[in-house]
1. When only the heavy atoms of the protein chains count and the probe is 1.4 Å, how do T93, T121, T331 rank by accessible area, highest first?
2. Hey, what's the Kirkwood Rh for the stretch 228-289 if you take every pair of different alpha carbons, in angstrom?
3. Would you give the gap between the C-alpha center of the stretch 198-219 and the C-alpha center of the stretch 325-384, rounded to a whole Å?
4. When 1/r is averaged over all different Cα pairs and the result inverted, which Kirkwood radius in Å belongs to the stretch 254-295?
5. If you build the Cα gyration tensor of the stretch 288-384 and take the root of 5 times each eigenvalue, what three semi-axes come out, in whole angstrom, biggest first?
6. Using alpha carbon coordinates only, what is the Rg to Rh ratio of the stretch 62-116, with Rh defined as the Kirkwood radius?
7. If you take every DSSP beta bridge whose two residues both sit in the chain, what share of them, in percent to the nearest 5, is antiparallel?
8. If amide hydrogens are placed 1.01 Å from N in the peptide plane, which non-local residues have theirs closer than 5 Å to the one on A273?
Amino acid sequence: MNKVLNALASGLALVAAGALPVAAEMPTALGTPEGALSIVAWPGYIERGETDKAFDWVTKFEEKTGCKVEVKTAGTSDEMVSLMNQGGFDLVTASGDASLRLIAGEKVQPINIDLIPSWNTVDDRLKDAPWHTVDGTHYGTPFMWGPNVLMYSTEVFKEAPKSWDVVFNEQTLPDGKSNKGRVQAYDGPIYIADAAMYLMKHQPELGIKNPFELNEDQYAAALELLKGQRQLVSRYWHDAMVQIDDFKNEGVVASSTWPFQVNLLAADKAPVASTIPEEGATGWADTLMLHADSKHQTCAYLWMEHSLSSNLQSDLSVWFGAVPSVPAACTDGRGQQTAEGCKTNGYEDFDKIWFWRTPTSKCEAGGCVPYHRWVSDYIAVMGS
């Protein structure tokens, strides 16, 4: 809960600084569906059965509403923010390191939860989450959440690695070979938080309390760890399908990843598994947010309602290896998910996950390194 309160403090700091817009007037009723809907989404989030016929939550929506869905996938939050800045989209499945930026930039609009009948089914832990709620105003509909896990080759690791050390520091792996050139890291500045989380346990003298709130010394230590990691990394991944191919064909044996890649590889009988090491995990809580200039507002509201149906939430959580924002999806039997599956995906670990959020200079810890520095410095690390 401290993590949630810290995130709230960051959001309020942005409000105090005048960075967030005053809530615009929200619609009080829906009109006639406009016949189209454009969504910026993480890979695997908006499926119409093309990858696997068992996973399709688009076709029936289109048939029922007449709203033809188009999807633009994005591999990082920065890419999502860029696409929303360009415009031409209606919805985005924004993670916490993008959502407040989109609100501050006035690229998304407040939503009227009274126009979303299934809102009351949302997990109470998410309804007022600070990554989409500012001063009591909601800027999105909770969609899905989960941890960033450590994926590893079961041919190399007979037991799950206990620490993220296997991707941060050069060492000999259980197969007798070095990890150099056999590990990957995420291609996004928010990955600096993973390094900071690792240092919270291994260098406690730094005094890091929150991996998204780093003073200059703490930030410098995280960058130093990542510069060392650069010598080990074969690729910085952001394309889920490329990472899957790398584990199959390019000799990659360990990396941070989403459960989505783990599930697809496991379904293909690849020798991989995943774990959350002793240092913990960062994670994502994604929110459907409505573009400020959406041309298909009614279709967007209909999709937000559709997204909360327990069968969609259930099947998506199985497909992506995530936790549904509607708890009933774990148990009501309308989809493929089960209570045990939700537990495996992290349902009970909510308070253990450091959910992505945008670092700001005004933070609970005092003067912190803001996100624009994370962007430029991480680019420099990857290019070094």
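1. Final ranking, largest accessible area leading: T331, T121, T93.
2. 13.2
3. 18
4. By the Kirkwood definition, the hydrodynamic radius is 13.3 Å.
5. 33, 22, 14
6. That ratio is 1.00, to two decimals.
7. DSSP beta bridges in the chain are roughly 60 percent antiparallel.
8. Y152, T154
The values are calculated or read from the model by the stated rules, or taken from the named source; none is laboratory data. Computed from a predicted structure; not experimentally measured. Here the Cβ is made from the backbone with ideal geometry for all residues, glycine too, and neighbour counts use every protein chain on show. Accessible surface is based on the protein model in full, side chains and every heavy atom, while ligands, DNA and RNA are left aside. Shrake-Rupley method; radii C 1.70, N 1.55, O 1.52, S 1.80 Å.
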